[in-house]
Amino acid sequence: MAFAFFLSIYASSAAFAQSLVKDRIIEAPNSSATMQLPNSVNPRAKAQYDIGRVNASTQFEGITMFFKPSAEQQAALDALVQAQQTPGSPLFRQWITPAQYASQFGLSTSDLAKVRTWLEQQGFNVVRISNSRNAITFSGTAAQVEAAFQAQLHRYNVNDVVHTANAGALSIPAALGSVVLSVRNIADFRPHSLHRIQHVSAVNSNYNFGSGSSAQHFLAPGDFATIYDLAPLYNAGFTGSGKTIVIVGQSAIATADVTHFQSAAGLAQKTPTITLVPESGTSTPVAGDEDESDLDVEWSGAVATGATINFVYVGNNQDFSVFDSIQYAIDNNLGQVISSSYGACEADISGSDIATFQSWFEQANAQGQTVVNAAGDNGATDCESSGTKSTVVNGDEATQGLAVDYPGSSPNVTSIGGTEFSGDVNSPGTYWNSSNSSSNTSAIEYIPEMVWNDTSTTNGPDAGGGGKSILFGKPSWQTGIGVPNDSARDVPDVSLNASPDHDGYLFCASGTGGANADPNSCSNGFLDGTATSSIPTVAGGTSFGAPTFSGILAILNQKLNANGLGNVNPEIYSLAASDYASAFHDVTTGNNEIPCEIGSVDCTSSPIGYTATTGYDLASGWGSVDAGNFVGVFSIGGGASPVATTTVLTATSTSVTIGTAITVTATVQDNSGSGTPAGTIQFSVNGTNVGSAVTLSSGVATYSFTPSTAGTYTVGATYVPSDAATNSGSTASLAITVAATSNGSASFSLSATNVSAAQGSSGTSTVTVTPAGGFTGGVAFTLSGPSTLTNFSYCVNSATVSGTAAATATITLYTTPSSCPTAATRAFSTPVQVGGPASGRGHNELTRAMAGTAFVSLFLLGFPAFRRRRWPMLAALLMLGLCTLGVSGCGGSSSTTTAATTSPKGTYTLTLTGANSTLNLAETTSFTLTVN
């Protein structure tokens, strides 16, 4: 009902605003008539941490009162978001602006004026009203806060960090009870960053690998692009150009770190946009948080090399946190993708804050913004520590039970978990080159992955987050193989490499104080270049998954020419149902289990957590993504469906000797017949991509190579359309056999005359075999043609060359299925068997079956312009030999012909293949059959 109601009134925004944005504060707010604001105490403000009351004169900046929509507005907002995510809806991806949100779902201007008046009566200084009209920001002293909200403010020492928070529930005037959602920035508990630093020993300049037991690899941007298949997107011109990724943080950064990173990685210099949240204090670097912001900014831009990176952060006012950065990015609609690498376990966030954040994320989705968040680094026990290894007091034993990280657990947010590479990564060879390229890249191909879990007594919990939310039920879209039937929102959604110890990420961070400060970071490529040692800065954690996946989404936005995709989770789960093997790497090994203290929460046996399985699991989600395929198959949604394509592969030869150059041609056909597909072809040999993607020219792309060893080579071609709204992708493969020896210079050529025949009658083509290089011997023939030629049969004899003169044979073609005595109906939709002899003499079933087998082998390996073919299938050679020795007329059984069963009129191109099994030679020629 809400959906239909919304659609019926949305056409008139003025009418919509008038019907939904109504005055809701009936009476003037009165401090003598109050009510408690539910769930307004931060769970971390515990009595055992209390160290006393806050000084009354302490100044609080940036206190913000957030407002909730009315029930009518909420129903309409839910309906809007549903319609925006429903292909075929007139509102599909029709995003709104913060101003439109304000006019439809915000507080009325009259109600805002009443709230402002009350705040000023309490002595507060009102500094800002949000663009979305769902928040008002003010400042005041601790005494004013305590008086207005009737709660004492105390200080709390948690893990040796002093925090400020209200000791009891906040109270608000009862007149505001129907509109106030929360009052934030009184408690200053910040979420923690989700990266893990690896302390690297000195290495040489080839720091992609070491030697002996100390061998290790580190990821540069080019490695990530190779492993996760970004090259086809880059080659097609998709880099995120014209799109903006918002990176949120709670520390200033030195932009020189970003430019040093880009230089070391061989990337174009592109300085990020820097946005300081108003009223959040002065721009100040913060140890630990600066590293987080550095790597988020660097790696989002390393993936989406053409995107604008807008770093939105808060200053040194401890009442602000990264959540304020998120809210500012939403309220000002600063980018299509918002990436956050911060979080806290669900139990550590107050209920009023959760409700507030959820209202932000739904607004973001309605504006077309996709919110991406790291899933956490404490495995299945997210509440175990503050996110830094130094705070783990029980070694690797968890005591707080199973938990997941927020905001990743929000259904409106995409949660990115962690994997680590499980292939042979400790020596050059299969997956790594033995030295770096000029861009410090050494990865060769995709590396198999397992769930990231480096948990130990030294590290403490150190694994990819995942599990079941205690706050949110199962979204309707969260279905598929492996998704638990647990009535809960499950995380993560997808995963990417996260281990700091097993191939961590290179980044540049000069740092601010503490053990990680390094003013020489990346002064020599990715190395610090100091006189005493030369080490890179390396880290891991799900922090890297959030910005890199955000980069992939920016590229997706560009490819779809979209101004945002909103909540991509429904489409991710839809892709998992339709294109799983293509778009995802299923991670089926490893776990995010953490040892636990027996008898503690959830710990009846140790460890606790989740194991990877086929399909979805609570340790890795759907696994990692193949970026090229993920972007290629992501739905364009709405409007007409893209036209299907067919990719056809041909080769100059499919049977050659070692050292013979082969050119493979991929031709992409628009199945509607109305256009020529544009885009690129990525060629592969034996499953490994070769070279860069080749841009189609009039629907055609070529690749050439010269095999150096004998064997069978499978050449593949993957078509990536330049416009997913026009065409869908397609693939093809072709087997090429390479023999170790040649057959000398003997060869022959073929020609055949065109044929005309009336319906119900027959015609004859004369085939000429011209020898060269001293060729002599028998030539057996097979015929193939289009599937549209039905009710057709033919008879053909072998030809024998005995000297230098050409030999001839005849093919009799019948436009009825049974005119040839021993030939079955030919539709050419299946391999065609050789027809019966012109004389019409019959053959036993064994002879016909043997000849049929011989042709199947020829058909599968035969193509136009076929030269000097080698036939690896010994059985097929035997069958062909029988035919060339005079067993002509190999074919199927006869059938009764009726006048109605004749070939349709038209001109058809037929392909004739002649083969000599003794010398492993074959040739093809084409001629036409015209049925009148």
Seminar exercise, completed: For residue 72, the lone unmet condition from (1) modelled with pLDDT of 95 or more; (2) in a helix (DSSP H, G or I); (3) in contact with a helix residue (DSSP H, G or I) (Cβ under 8 Å, 6 or more places away or on another chain) is (1)
For this session: Can you tell me which residue within the stretch 316-348, out of those that are modelled with pLDDT of 95 or more and aliphatic (A, V, I, L, M), is nearest to the chain's Cα centre (by Cα)?
Result: 337
Problem set entry | Filtered residues of the stretch 603-622 (kept if touching a residue at least 12 places away in the same chain (Cβ under 8 Å) and not hydrophobic (A, V, I, L, M, F, W, C)) | 606, 607, 609, 610, 611, 613, 614, 615, 616, 617, 620, 621
Exercise. How about the stretch 40-68: which of its residues are surrounded by fewer than 17 Cβ atoms within 10 Å (Cβ to Cβ) and on the phi > 0 side of the Ramachandran plot?
Worked result: 52
Exercise. Going by the structure shown, is residue 86 crowded, with 16+ Cβ neighbours inside 10 Å, closer than 30 Å to residue 167 by Cα and β-branched (Val, Ile, Thr)?
Worked result: no
Exercise. Cβ-Cβ below 9 Å, separation at least six or inter-chain, first residue in the stretch 24-41 and farther than 12 Å from residue 168 by Cβ, second among the aliphatic types (A, V, I, L, M) and in a loop (DSSP other than H, G, I, E, B): which pairs?
Worked result: 24/107; 24/179; 25/107; 25/179; 27/33; 38/169; 39/169
Exercise. Residues 340, 352, 325: which one is in contact (Cβ under 8 Å) with a residue 60 or more places away in the chain, in contact with a Pro (Cβ under 9 Å, 6 or more places away or on another chain) and buried (at least 24 other Cβ atoms within 10 Å of the Cβ)?
Worked result: 340
Seminar exercise, completed: Within the stretch 669-685, of all residues that are part of a strand (DSSP E or B) and touching a residue at least 40 places away in the same chain (Cβ under 8 Å), the one nearest to residue 444 (Cα to Cα) is 682
Exercise. From 104, 144, 100, which residue is surrounded by fewer than 19 Cβ atoms within 10 Å (Cβ to Cβ) and assigned to a helix (DSSP H, G or I)?
Worked result: 100
Exercise. Only one of (1) under 35 Å from the mean Cα position of the chain (by Cα); (2) free of Cβ contacts under 8 Å to residues at least 60 places away in the same chain is not met by residue 112, so which one is it?
Worked result: (1)
For this session: State which residue is nearest to the chain's Cα centre (by Cα) when the search covers only the stretch 686-707 and only residues that are outside any strand (DSSP E or B) and over 17 Å from residue 235 (Cα atoms).
Result: 687
For this session: Quick one: which residue in 254, 231 is more than 11 Å from residue 311 (Cβ to Cβ) and under 17 Å from the mean Cα position of the chain (by Cα)?
Result: 231
Seminar exercise, completed: Here the residues within the stretch 15-30 that are buried (at least 16 other Cβ atoms within 10 Å of the Cβ) and modelled with pLDDT under 90 are 16, 17, 20, 21
Exercise. Taking the stretch 486-537 as the region of interest, how many residues are surrounded by fewer than 18 Cβ atoms within 10 Å (Cβ to Cβ) and either at pLDDT 90 or above or on the phi > 0 side of the Ramachandran plot (or both)?
Worked result: 5
Exercise. With respect to residue 760, is the statement that it is surrounded by fewer than 19 Cβ atoms within 10 Å (Cβ to Cβ) and not assigned by TED's automatic domain parsing to the domain that holds residue 812 true?
Worked result: no
For this session: Working only within the stretch 554-604, note down all residues that are assigned to a helix (DSSP H, G or I), polar (S, T, N, Q) and more than 27 Å from residue 403 (Cα to Cα).
Result: 557, 558, 578, 582
Seminar exercise, completed: Within the stretch 180-235, of all residues that are touching a Phe, Trp or Tyr at 6+ places or on another chain (Cβ under 6 Å) and modelled with pLDDT of 90 or more, the one farthest from residue 536 (Cα to Cα) is 181
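The values are calculated or read from the model by the stated rules, or taken from the named source; none is laboratory data. For clarity, every value in this text was computed on a predicted model and none was experimentally measured. Using ideal geometry, Cβ is built from the backbone for each residue, glycine included, and neighbour counts are taken over all protein chains shown.
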